Amino acid sequence: MSDFVVSIKNLSVFRKKEEILKNINYSLKNSEFNYITGAVGSGKSSFLKVLYADIAFESGEVNVADYNLSNIKTEDIPFLRRKLGIIFQDYMMLSDRNIYDNLKFVLEISGISNNKKVKTLIFEVLEKVKLSGKEKRMPYELSGGEQQRAAIARALLNNPLLIIADEPTGNLDEESSTNFMNILFDITKTGTAVIMATHDMNLIKKFPAKVYSINNGVMK
Ligand SMILES: Nc1ncnc2c1ncn2[C@@H]1O[C@H](COP(=O)(O)OP(=O)(O)O)[C@@H](O)[C@H]1O
Ligand SMILES: [Mg+2]
């Protein structure tokens, strides 16, 4: 296992025949926290989608969690994603089941079905995000901030090397954003790297880390 969880050379991404990311070089080490900023439509989400193999790229070399995405096989993509935790702006909880069952569902997909193990893992991640005791709540019975912390819990279930968060605080008030960020920063202390897209400059000031910004397809 290398020190780098992401390493990118000369990446170029096209969408609708337009080159939206040009010749990007980027790397991220274990435990590191990086921000990706840029105007709406600048390509933040597209960049993150490349990392979790959701969109293809035109040229370049992309390595994520020891997978070479230039030639990753379709059947290997779920294994790549098991090493990642992905968090979106809208919490993406399954609305028909409680938090416990939302998390259980993720473990089942990963092939973990032993009830005792499932329970231990779920209680462990809920404690990390300060949601102990709320496992029986339905998503709509939680505040936005609590749902987003449940989304972190879900992202942590596979003990990921990297958390990818795409404007995760976009729907949260200031206090909930602060709680969310404290938890994300805590997680990096155990080796997990975080890459987070945001255009909230106040949040970046409050939680300083390396900032990359995308402008006209160029990331610096
Ligand atoms: N599904 C899609 N198909 C084609 N083009 C897209 C798609 N999603 C986004 N784009 C285009 O890619 C560019 C970057 O979008 P995006 O990565 O979503 O930016 P951001 O996350 O910074 O707002 C935009 O020009 C957008 O129109
Ligand atoms: Mg976006």
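The values are calculated or read from the model by the stated rules, or taken from the named source; none is laboratory data. If you're wondering where the values come from, they're calculated on a predicted model, not measured in any experiment. All Cβ positions, glycine included, derive from the backbone under ideal geometry; neighbour counts span all protein chains shown.
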(message) As an exercise: evaluate Ile8 against (1) surrounded by 15 or more Cβ atoms within 10 Å (Cβ to Cβ); (2) under 22 Å from Asp200 (Cβ atoms) and give the number of the one condition it does not meet.
(response) (2)
(message) Every residue in the range 91-108 that is at pLDDT 95 or above and of a type outside the set (A, V, I, L, M, F, W, C), please.
(response) Ser95, Asp96, Arg97, Asn98, Tyr100, Asp101, Asn102, Lys104
(request) Scan Val13, Val6 and give me the residue that is within 10 Å of ligand 1 (Cβ to nearest atom), under 16 Å from Ile214 (Cβ atoms) and either in contact with an Asp or Glu (Cβ under 9 Å, 6 or more places away or on another chain) or among the β-branched types (Val, Ile, Thr) (or both). (result) Val13
(request) Could you please find all residues in the range 45-81 being out of contact with any Lys or Arg (no Cβ under 6 Å at 6 or more places or on another chain), of a type in the set (D, E, K, R) and over 21 Å from Glu167 (Cα atoms)? (result) Glu58, Asp66, Lys73, Glu75, Asp76
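Determine whether Asn114 is without any contact (Cβ under 8 Å) to a residue 24 or more places away in the chain, more than 16 Å from ligand 2 (Cβ to nearest atom) and of a type in the set (S, T, N, Q). Please lay out each step first, then the result.
Numbers: without any contact (Cβ under 8 Å) to a residue 24 or more places away in the chain: yes; more than 16 Å from ligand 2 (Cβ to nearest atom): yes; of a type in the set (S, T, N, Q): yes.
Yes.
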(request) Only residues that are in contact with a Ser or Thr (Cβ under 8 Å, 6 or more places away or on another chain) and surrounded by fewer than 17 Cβ atoms within 10 Å (Cβ to Cβ): list them for the range 59-77, please. (result) Ser59, Glu61, Asp66
(request) Enumerate the pairs (first residue in the range 24-41 and more than 21 Å from Phe207 (Cβ to Cβ); second residue anywhere and within 16 Å of ligand 2 (Cβ to nearest atom) and of a type in the set (A, V, I, L, M)) with beta-carbon separation below 6 Å, excluding pairs fewer than 6 apart on the same chain, so at least 6 apart or on different chains. (result) Ile24/Met219
(request) Quick one: Arg81 ticks every box in (1) within 13 Å of ligand 1 (Cβ to nearest atom); (2) farther than 22 Å from Leu172 by Cβ; (3) outside any strand (DSSP E or B) except a single one, so which number is it? (result) (1)
(request) Pick out the one residue from Ile87, Ile36 that is of a type in the set (A, V, I, L, M), within 16 Å of ligand 2 (Cβ to nearest atom) and touching a Ser or Thr at 6+ places or on another chain (Cβ under 9 Å). (result) Ile36
(request) Within the range 156-197, track down each residue that is of a type in the set (D, E, K, R) and within 16 Å of ligand 1 (Cβ to nearest atom). (result) Asp166, Glu167
